[in-house]
Structure formats: structure tokens, C-alpha cells
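*Asks:* Right, I'll just put the structure down here and ask away after.
The values are calculated or read from the model by the stated rules, or taken from the named source; none is laboratory data. This is a predicted model, so every value here is computed, not measured. Glycine gets a Cβ as well: all are built from the backbone with ideal geometry, and neighbour counts include every protein chain shown. Just the protein is used for accessible areas: all its heavy atoms, side chains included, with ligands, DNA and RNA removed. Shrake-Rupley method; radii C 1.70, N 1.55, O 1.52, S 1.80 Å.
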Amino acid sequence: MKTLIFIFVTLCTTLMFALTPETKVAVEAAAKKGYAWLREAQAQDGSWSDRRFPGLSALALWSLALSKDEANAAAAQKAADYIASCAQPDGGIYVPIPERRGSGLGNYNTCLCLRALHLFGQRDKYLTVMLGARAYIASTQIEAEGMHEGGFGYDKSSPRTYTDMNNTFYAIDAMRMTQDLEESRPNGKRVDVDWEAAKKYVLSMQQTSGEDAGGFLYNRQVPRTKPGEAPQQVQLKAFGSMTYAGLLAMLHCDLTREDPRVRSTYQYVGKYWTLDENPGQGNQGLYFYYEVLARALTATQMEVLTLADGTQVDWREALAQELIKRQQADGSWINDNNRFWEGDPALSTSYALLALQILLQQ
């Protein structure tokens, strides 16, 4: 039997790993500076970056809401009002862009906006908008049999059937974390996704053999095919950010931390652990990688990573130091690689602040 390359150490009832006092002080200082930059970068209407995609502003609101800092209250309120103003008649929270393929990325934006509004609070004020968003997200789940069944894509009005792990993760995350809203639905008829179908889709994205066994793919279909060509089946390599998204998605689908499919993801995490890059993607999507890594490892109560050579990694300390190191002098964060829009400092800064807040809350 091959030597186990990774050991999952569960939470001990008498021991909690947390940031060292020195690191905590440094993280708090970095976060304070980052929030000051974020407030300064906010537009008068409460948005950040490209107003056509309110999900970008939602990530900023999400980080502001987590801070519980009164200095961020006014900016957060303006952001929440702006996001709510983007609600559409179909319940989605997005801006239609008819000439753009994928239109306004309705599912992606709605999921992020719903999560941010829910976390921000003021439930009574935004309840109608949030319930509409939940109904919209549920309506975007693919029911047709095949590789897409149970998954989610960018936009429900797309002329082609398309899904991917990223959109599916955001949909599952938003629906699971806001399910308490259904208690307030006026007609009493609850809205939800098909969780069994969602679980089946999520697990179909997991590699079960090879060097990246346990990792998660973005999708299993080449997005672009010429007219008249049959969709091609490919075995794309798993990569880091999608693996952490897949790990969190499995937990949302009620798989336990000890489920063999979850444990196989721990093995991938141990094998490809790094903060220098997003494994398999280089610097692409690096700050999303940091944010989803922090959320997933916190959700699994993973305290220490023990690697093949016996090295034990305190991932919280390591991530905190990495984010502090990467902060710009003006308080922002930015990715030199603009793939997935992380060349936008408002987006990368929001991701970084989300990760820091998760670390501070432990």
C-alpha cells in the first residue's frame, strides 16, 4: 500500500489553532488599510468596478458586512441599496446585456448579490428581493439528462445548455446559506434546488483517478465547438480553486467530512498545497483561490495539514502571511494576471478581505 501522502487532523475538543497574537495584529492592520481603500474606491451610486456586473460590488459588500466595523457602515448601506436596485422582474439580480454572449451573467451575479444582501442584514427591507433571487437561482438549474443535469451555468436564457463547477458552486452556496429566508415566503410554498441532482453533478466534476485524483474540474465540455460539431468530451486537469469550491459544495450537499469522496479531496489538497499559485492555473484566479480555500478549510474544521515529508502546515498562519505580503502600499490587492478579472483591484481586494475576515473570526 502506498504511503498516505496526506493526513487529515480533525478538530480537537480542547485545542484550537488560531493566528498568533503578532499575526492577528498585522492582519487587523492590513484589513483596516484594505477597507479604507475599498471605501475610497466606491462610486457615488454605491457600486464598484463595472456597473453591468453587480456581483463585483456584492463581493465588496460581503467583505464589508463581515468586518462589523462601524467605519464601513455607510459604504455597506450604499452598496446594499445599489445591489437591490439591480433586481429584475424575473427575480435575478443582474443587468441585462442582450448583445453579450451569456447576457448579464444572471446566475453568477444573482448568487453573489443574494449572499451579500443576506449577510448584510436588514432582512425586512430586502426580503422581497432576496426571495426573488432564490426563485431565480432555482429556476436556472439544468433538468435535462446528460452531463449538465443538476448543474448551473451563467445565464438561464442562453440558447445552449451549459454548466460549470464555478457557477454550480456559487448557486449551491447561495441556496444553502440563505435557506432560512424560505420561512418568510408569503405563500408558504418553499423554493429550493434539486439537491440530489446537484450532488450528482458536483461529484461528476471530481477526478477519481490519476495524478489529480480527488481534485475538481471546471467542466467536462469544451465550451466552444463549431456549428454542426458534436460536443467534445475531455478530461481537463483539476485545479486548486475548483477543488476547494468542490469540497465546500460537497459539504453543502450534505456529504460528511469523513465521506470517502470528501477524504479524497483532502489527499489532493495535501499533495498540491501551495500559496504561491492557484495549482494548475498559475496566477489565474489567485485571490479567488485564497478566499475559497479559507472558507473550505474552515468548514471542514481542518486545523493542520500534514504533508508527505511530515511537515505540518498551519494554513491560517501561512495564508495570513501570504496576503499581508501581497498587499499594495495603498492598501489594495491586485493580480498581475487579469484572467477572471482579478486585474481589477476592487475584485482582488474584496477576495483578500474576505479571506482575512475568515482568519480573524477563528
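*Asks:* Considering only Gln267, Tyr287, Ala80, whose Cα is most displaced toward the positive end of the charge dipole of the chain, charges sitting on Cβ of Lys, Arg (+1) and Asp, Glu (-1)?
*Replies:* Towards the positive end, the residue furthest out is Ala80.
*Asks:* Hey, which aspartates and glutamates would be in cross-link range of Lys68, C-alpha to C-alpha under 19 Å, not counting anything within fewer than 8 residues on its own chain?
*Replies:* Glu28, Glu40, Asp81, Glu291
*Asks:* Sort the following peptides by mean Cβ neighbour count (other Cβ atoms within 10 Å, averaged over residues), highest first: 138-147, 78-87, 263-272.
*Replies:* Averaged packing, sorted descending, gives the order 78-87, 263-272, 138-147.
*Asks:* From the Cα gyration tensor of the range 15-75, with a ≥ b ≥ c the square roots of its eigenvalues, which class applies: rounded if a/c is under 1.5, or else prolate if a/b is larger than b/c, or else oblate?
*Replies:* prolate
*Asks:* Determine the shape class of the range 145-227: with a ≥ b ≥ c the square roots of the Cα gyration tensor eigenvalues, call it rounded for a/c under 1.5, and otherwise prolate if a/b is greater than b/c, oblate otherwise.
*Replies:* It comes out oblate by the Cα gyration axes.
*Asks:* Given +1 on the Cβ of Lys and Arg, -1 on the Cβ of Asp and Glu, and no further charges, what dipole in debye does the chain carry about its Cα centre, rounded to the nearest 20?
*Replies:* My answer is approximately 380 debye.
*Asks:* Sticking with this one: Using the Kirkwood radius over C-alpha pairs as Rh, can you work out the diffusion coefficient of the range 52-188 via Stokes-Einstein at 37 °C, viscosity 0.692 mPa s, in µm² per second?
*Replies:* Calculated translational D: 218 µm²/s.
*Asks:* Could I ask something else about it? Find the relative contact order for the range 34-107 and round it to a whole percent, using C-alpha pairs within less than 8 Å whose residues are 6+ positions apart.
*Replies:* 30
*Asks:* Among the listed pairs Lys125/Lys189; Lys125/Lys156; Lys33/Lys325; Lys156/Lys200; Lys156/Lys199; Lys32/Lys325, which have their C-alpha atoms separated by more than 25 angstrom in this model?
*Replies:* Flagged as over cut-off: Lys125/Lys156.
*Asks:* Can you tell me how the range 245-362 classifies by the Cα gyration tensor, rounded, prolate or oblate, using a/c under 1.5 as the rounded cut?
*Replies:* It comes out prolate by the Cα gyration axes.
*Asks:* Also, quick follow-up: Which residue, Ala74, Ala296, Ala245, has the most motion in a Gaussian network model of the chain that connects Cα atoms within less than 10 Å?
*Replies:* Ala74
*Asks:* Quote the accessible area belonging to Lys325 in square angstrom, nearest 10, computed with a 1.4 Å probe and with ligands, DNA and RNA left uncounted.
*Replies:* 140
*Asks:* Cα centroids of the range 295-362 and the range 175-195: how far apart, whole angstrom?
*Replies:* What the calculation gives is 32 Å, centre to centre.
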